[in-house]
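Nothing in this text is a laboratory measurement; each read-out follows from the coordinates by a stated rule. Remember, predicted model here, so these are calculated numbers, not experimental data. When we count neighbours, we look across all protein chains shown, and the Cβ atoms used for this are built from the backbone with ideal geometry, even at glycine.
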Protein chains: 2
Amino acid sequence: MPDSTDLKTSGLKATFPRMKILDIFRDSPTRHMSAEDIYKHLLADETEIGLATVYRVLAQFEQAGLVKRTQLGAGKAVYELNDGQRNHGHLISLQTGEVQEFYDPEIEKRLKRIAQQLGYHVAEYTITMYGDKR
Amino acid sequence: MPDSTDLKTSGLKATFPRMKILDIFRDSPTRHMSAEDIYKHLLADETEIGLATVYRVLAQFEQAGLVKRTQLGAGKAVYELNDGQRNHGHLISLQTGEVQEFYDPEIEKRLKRIAQQLGYHVAEYTITMYGDKR
DNA sequence: TTTATTGCAAAACCTTTGCATGTAT
DNA sequence: ATACATGCAAAGGTTTTGCAATAAA
């Protein structure tokens, strides 16, 4: 069910590619998707949208605060719907590539303090763990 | 002062490119360098070593545990001499690109506990902060 | 001598961009 | 009508690879 509300609120025109991509985020059981992942979803949906457009839309969504982009390791960046503001970390399974999120206010507090002691104000931080399933 | 000891200890042949690159790490005032950075050092040194070789040597060094590779954001990976085992985080200046290291045992402890609770054993983790100089 | 290493150029990979065409408002 | 969005293909930046030539042991 395409919903253009969020798009308009974000000051973005309600175009077909943008609505479709937003839908994919909403309908996907996988929260974290790369541009390529989304492109494949579109193809599976018989939706002809160019990969370049996917990248452009994702960049606009990121700017508008609709999605968050995270560079996981060296490979592709993944995007996720921006529910809430908590800057969570990612735990990636070395076996399956599955991504889990986590958040620890104490860690965040400590990071901010460390940066402060080094003379910085934290603009952004990322925590990524790679682990084996026990 | 080229030193082939560490190379031989690592089971790597003491070739000219490998010794030279190891020297660059030792002599550089900058601890974190990209492959391109190292390549430029070599050129400045009138040393003709191909960029492909730099990448190959760095990969071998990483495997041998001589250096650590860290993907900083979307761009290039940086390499640093692997002194000690502490898996430190990186704080990068948004103004200068300067890289500071930090380590907090409490954060590490918490990350491990979080992973455990999610059913994982941490193989590796990276923390990267981007900050403004105060 | 034998096996590993290098250099070069080409390819791979993810992402961005130029430009003409198409579309939302 | 007008500004913005799209598609395609080409280019960008970083990293890897194939292969013949070269050097370490």
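Just a few scattered comments:
- Sorted from longest to shortest, the spans of the Cα atoms of segment A:42-114 along the three principal axes equal 47, 33, 21 Å.
- In Hz, Karplus ³J(HN,Hα) per residue of segment A:89-103 (6.51, -1.76, 1.60; θ = phi - 60°; x = Gly, Pro): x, 10, 10, 10, 6, 6, 7, 10, x, 3, 10, 10, 9, 8, 8
- The phi-based Karplus calculation (6.51 cos²θ - 1.76 cosθ + 1.60; θ = phi - 60°) puts the 3J(HN,Hα) values of segment A:104-110 at 9, x, 5, 4, 4, 4, 5 Hz, whole numbers, x for Gly and Pro.
- Interchain or long-range residues, amide H under 5 Å from B:THR47's placed H: none
- For A:ALA123, the distances from its label point to the matching points in the remaining copies are 3.3 nm, ordered from shortest, with each point set 7 Å beyond Cα toward Cβ.
- FRET efficiency, 1/(1 + (r/R0)^6) with R0 51 Å, evaluated for A:GLU46 and B:ARG110 via beta carbons: 0.65
- Modelled FRET efficiency - R0 45 Å, A:THR53 with B:THR9, Cβ distances, 0.05 increments: 0.30
- Distant-in-sequence amide H partners of A:SER28 (H built 1.01 Å from N, under 5 Å): none
- C-alpha long axis of helix B:16-27 to longest principal axis of chain B, angle in °: 50
- Relative to the Cα centre, the charge distribution of chain A, modelled as +1 at Lys and Arg Cβ and -1 at Asp and Glu Cβ, gives a dipole magnitude of about 460 debye.
- Computed from Cα atoms, the angle from the helix B:35-44 axis to the main principal axis of chain B rounds to 30 degrees.
- Förster radius 22 Å - calculated FRET efficiency between B:GLN117 and B:GLN85 (Cβ-Cβ, nearest 0.05): 0.35
- GluC sites (Glu not before Pro) within segment A:83-134, DSSP loop, no more than 15 other Cβ atoms inside 10 Å: A:GLU98
- A Cα-only calculation for chain B places Rg and Dmax at 16.7, 53 Å.
- The loop-placed trypsin sites (Lys or Arg not before Pro) in segment A:41-127, going by DSSP, that have at most 12 neighbouring Cβ atoms within 10 Å of their Cβ come out as A:ARG86.
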